[in-house]
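The values are calculated or read from the model by the stated rules, or taken from the named source; none is laboratory data. Since this is a predicted model, take the numbers as computed values, not measurements. When we count neighbours, we look across all protein chains shown, and the Cβ atoms used for this are built from the backbone with ideal geometry, even at glycine. We work out accessible area using only protein heavy atoms, side chains counted, and drop any ligands, DNA or RNA first. Shrake-Rupley method; radii C 1.70, N 1.55, O 1.52, S 1.80 Å.
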Amino acid sequence: QVQLVESGGGLVQPGGSLRLSCAASGLIFSRFAMGWYRQAPGKQRELVATITSGGSTNYADSPKGRFTISRDNAKNTVYLQMSSLKFEDTAVYYCNAKGPAWPVNDYWGQGTQVTVSS
């Protein structure tokens with residue numbers, strides 16, 4: 001069974017930094033494209049960043065330049081380094097994995113809360 005477990009969320013002040021981690025199991029991690037999504041209260045889930053199996057990255061406009069997605073295939077883990085955090089970054093952040101057989105292989109974690117507040 002595929003499992004994605006996010007961690008690293010918490011309370012941070014505006015302008016601060018936070019690193020989220022997503023540990024994957026039950027899949028051949030190196031073959032999966034990974035992504036981070038977020039959902040704020042009253043809003044739809046939105047894409048934050050993605051990284052392909054080849055290491056190519058893409059970012060949404062809002063976090064671009066402030067967030068960095070990376071992966072460590074040896075640890076089956078994808079990271080989201082967040083810097084210069086803003087109030088509007090407050091959301092539940094979800095890890096996503098898309099495999100070679102996507103959309104059949106499309107998995108989600110349970111999410112981790114990030115709250116940016118002074």
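Table for the structure above
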| read-out | value |
| --- | --- |
| Cα gyration tensor, the stretch 71-117 - rounded (a/c under 1.5), prolate or oblate | prolate |
| Sorted peptide list for 50-61, 13-24, criterion being average Cβ within 10 angstrom, highest first | 13-24, 50-61 |
| Solvent-accessible area per residue for the chain (1.4 angstrom probe, square angstrom) | 53 Å² |
| Backbone HN-Hα couplings from phi across the stretch 57-74 [Karplus 6.51/-1.76/1.60, Hz, Gly and Pro as x] | 10, 9, 9, 5, 4, 4, x, 4, x, 10, 10, 9, 9, 8, 9, 10, 5, 5 |
| Proximal lysines to residue 75, defined as alpha-carbon separation beneath 16 angstrom and excluding residues fewer than eight positions away on the same chain | none |
| Residue-count net charge about residue 77 - beta-carbon cut-off 14 Å; Lys, Arg +1, Asp, Glu -1 | +1 |
| Relative contact order, percent, the chain [alpha-carbon distance under 8 Å, six or more residues apart] | 36 percent |
